[in-house]
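Encoded as structure tokens, the structure appears first; notes follow it.
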Amino acid sequence: MTDRAISTALTEQALRSGDLDELFEPAAPSGDELLLGELRELVLRFEGGDVRYLALLVELLELHLVKSAGYGDGADRMANFTGVSAITGEPRHRYPRRRMVEKLLRCEKLEAAGRDADLDEELIDIAGLSLCALLMRQADASSS
């Protein structure tokens, strides 16, 4: 069982059992604890849907916190995309969309090679890139 599968199974178990305190104590950059607390409250109010979907949303949030701490800065959590935009002259949301295409093609190659276990990491990255593209498209449209 991969680390991701173990993490997902533990998250699902925590969501089912209601033991969410353990679930919402990831190593997050300072200031993000409030966001995780708000997500915890949302999960507690959540009715219906698939608990595995919620577990993936939590995993996606944790991935965002880690990646934005590494790629972003205090003023711009999407600084890596902003930087590519400054170099290319293209809208910020275009680069993550291109990365999604690249990752989808990688999924096809992984599957063709029988490496299904490696697909999860690519798919969660695609979901994260999609949300980054949407966020920047909306933010840039509202500021123009």
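Failed condition for Ala117, given (1) without any contact (Cβ under 8 Å) to a residue 60 or more places away in the chain; (2) more than 25 Å from Asp140 (Cβ to Cβ); (3) of a type in the set (A, V, I, L, M, F, W, C), with all others met?
All conditions are met except number (1).
Would you be able to say whether some residue in the range 48-60 is surrounded by 13 or more Cβ atoms within 10 Å (Cβ to Cβ) and among the aromatic types (Phe, Trp, Tyr)?
no
Going through Arg77, Arg106 one at a time, which residue ends up being in contact with a Ser or Thr (Cβ under 6 Å, 6 or more places away or on another chain) and not hydroxyl-bearing (Ser, Thr, Tyr)? Walk me through it before giving the result.
Details: Arg106 fails: in contact with a Ser or Thr (Cβ under 6 Å, 6 or more places away or on another chain).
Just one listed residue meets the conditions, Arg77.
Among the candidates Arg94, Arg115, Arg98, Arg40, which residue alone is surrounded by 11 or more Cβ atoms within 10 Å (Cβ to Cβ), modelled with pLDDT of 85 or more and more than 21 Å from Ser130 (Cα to Cα)?
Exactly one residue qualifies, and that residue is Arg115.
Checking Leu110 against (1) under 19 Å from Glu59 (Cα atoms); (2) without any contact (Cβ under 8 Å) to a residue 40 or more places away in the chain, which single condition isn't satisfied?
Of everything listed in (1) under 19 Å from Glu59 (Cα atoms); (2) without any contact (Cβ under 8 Å) to a residue 40 or more places away in the chain, Leu110 misses just condition (1).
Would you mind stating whether Leu110 is aliphatic (A, V, I, L, M), over 14 Å from the mean Cα position of the chain (by Cα) and surrounded by 15 or more Cβ atoms within 10 Å (Cβ to Cβ)?
On the way: aliphatic (A, V, I, L, M): yes; over 14 Å from the mean Cα position of the chain (by Cα): yes; surrounded by 15 or more Cβ atoms within 10 Å (Cβ to Cβ): yes.
In short, yes.
Scanning the range 120-144 for residues that are free of Cβ contacts under 8 Å to residues at least 40 places away in the same chain and more than 24 Å from Val58 (Cβ to Cβ), which turns out surrounded by the most Cβ atoms within 10 Å (Cβ to Cβ)?
Looking at the filtered set, the residue picked out is Ala141.
The values are calculated or read from the model by the stated rules, or taken from the named source; none is laboratory data. This one's a predicted model, so the numbers in the text were calculated from it and none came from an experiment. Every residue, glycine as well, gets a Cβ built from its backbone with ideal geometry; the counts of neighbours run over all protein chains shown.
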